[in-house]
Amino acid sequence: MEFYLRELKITTADKILFVADGARWIWNRVGALLRRLEVKPEQINELVDFYHAVEHLGKIAALQRRWTAAERLAWIARQRRCLLKRGIAEVQAAIDAVCGSRPSKALKRERDYFKQNGGKGRMGLRAGGGVEVADRQRCDRECDSPSP
């Protein structure tokens, strides 16, 4: 990936968007990669893949042993809509509420997934993983040129 990003002249991009699943090891590698490439922090945006976030909501619901299957599905759907429409703050509050003051190790791990990624502004609405590079000059050329 490093070779490819150098070939793209990533340092000349206006904005760079990294989308990944939220695993800490990925973000650690992204940071190291960007430092090696000498990309400025203000060029970078990081987002967690929306579908991975929803997968973690499902794990939280599955750990609610007293809920029926219908209650689990309803909670996931409600939090998914909330994440889409209002962002991470309300979802985090709902997660904190179901975790309570003494969450199990598994619930704590899932809660922390949202705290770590949401707290860094990574929770987003992107599907899929990878890198997107916004190059204003290339976009301007492609948008201004007549269609073939």
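The values are calculated or read from the model by the stated rules, or taken from the named source; none is laboratory data. Since the model is a prediction, treat every value here as computed from it, not as a measurement. We place every Cβ from the backbone using ideal geometry, glycine too, and count neighbours over all the protein chains shown.
For ARG80, the criteria (1) within 22 Å of ALA106 (Cα to Cα); (2) surrounded by fewer than 16 Cβ atoms within 10 Å (Cβ to Cβ) hold in every case but one, which is (2).
Answer with yes or no whether GLU2 is in contact with a Leu (Cβ under 8 Å, 6 or more places away or on another chain) and modelled with pLDDT under 90. It is false that GLU2 is in contact with a Leu (Cβ under 8 Å, 6 or more places away or on another chain) and modelled with pLDDT under 90. Once region 6-51 is narrowed to residues that are more than 13 Å from the chain's Cα centre (by Cα) and in a loop (DSSP other than H, G, I, E, B), the residue that is surrounded by the most Cβ atoms within 10 Å (Cβ to Cβ) is ALA13. Candidates ALA70, ALA89: the one that is part of a helix (DSSP H, G or I) and either under 16 Å from GLN116 (Cβ atoms) or in contact with a strand residue (DSSP E or B) (Cβ under 6 Å, 6 or more places away or on another chain) (or both) is ALA89.
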